[in-house]
Amino acid sequence: ESILIPENVRKGKAAVSVAGEMCRQQKFQEWMCRRHGLGLAEETEETAVSLLKTELAIDSRADLRENEPARKEFRELIIQFRKDTVGES
């Protein structure tokens, strides 16, 4: 027997995981800081997390599990990140 996990639960867990992964990536940290007019000294995981929470109006990345509007906005943010950083190394 396999346990069926509802689609919204699966999507929520995936979003939390991706948010954690993205905030650990230097390229994403740099992009978030540029997006918010911050300097090089602030390019850290903690700053990326803080900026992400502010942009998505959430208290914690874990909120992405239940907050569909924030997940939608997060998907849009990832799309923009990829557009803005295509070709960068």
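The values are calculated or read from the model by the stated rules, or taken from the named source; none is laboratory data. As the structure is a prediction and not an experimental result, all values here were calculated from the model. Here Cβ is always computed from backbone atoms with ideal geometry, including for glycine, and neighbour counts include all displayed protein chains. Each accessible area value is taken on the protein alone, full model and side chains, heavy atoms only, with ligands, DNA and RNA left out. Shrake-Rupley method; radii C 1.70, N 1.55, O 1.52, S 1.80 Å.
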**Report entry** Residue check, MET22 assigned to a helix (DSSP H, G or I), surrounded by 15 or more Cβ atoms within 10 Å (Cβ to Cβ), in contact with a Ser or Thr (Cβ under 9 Å, 6 or more places away or on another chain) and of a type outside the set (Val, Ile, Thr)
**Finding:** no
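Please go through the range 62-89 and give me each residue that is in a helix (DSSP H, G or I), open to solvent by 60 Å² or more (accessible area, probe 1.4 Å) and touching a Lys or Arg at 6+ places or on another chain (Cβ under 9 Å), ordered by number.
Of the range 62-89, the ones in a helix (DSSP H, G or I) are 62-65, 68-85.
So of that shortlist, the ones also open to solvent by 60 Å² or more (accessible area, probe 1.4 Å) come out as 65, 68-69, 72-73, 75-76, 79-80, 82-84.
Residues satisfying the conditions are ARG65, GLU68, GLN80, ASP84.
Let me confirm something: among GLY20, GLY37, which residue is on the phi > 0 side of the Ramachandran plot and of a type outside the set (Lys, Arg)? Walk me through how you get there before you give the answer.
Working: GLY20 fails: on the phi > 0 side of the Ramachandran plot.
Answer to the check: GLY37.
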Report summary line: The condition from (1) open to solvent by 50 Å² or more (accessible area, probe 1.4 Å); (2) among the β-branched types (Val, Ile, Thr); (3) touching a residue at least 24 places away in the same chain (Cβ under 8 Å); (4) more than 18 Å from LYS83 (Cβ to Cβ) that VAL16 misses is numbered (1)
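Specify which of the listed residues (ALA57, ALA48) is of a type in the set (A, V, I, L, M) and open to solvent by 80 Å² or more (accessible area, probe 1.4 Å). Working first, answer last.
Details: ALA48 fails: open to solvent by 80 Å² or more (accessible area, probe 1.4 Å).
Going through ALA57, ALA48 in turn, the sole match is ALA57.
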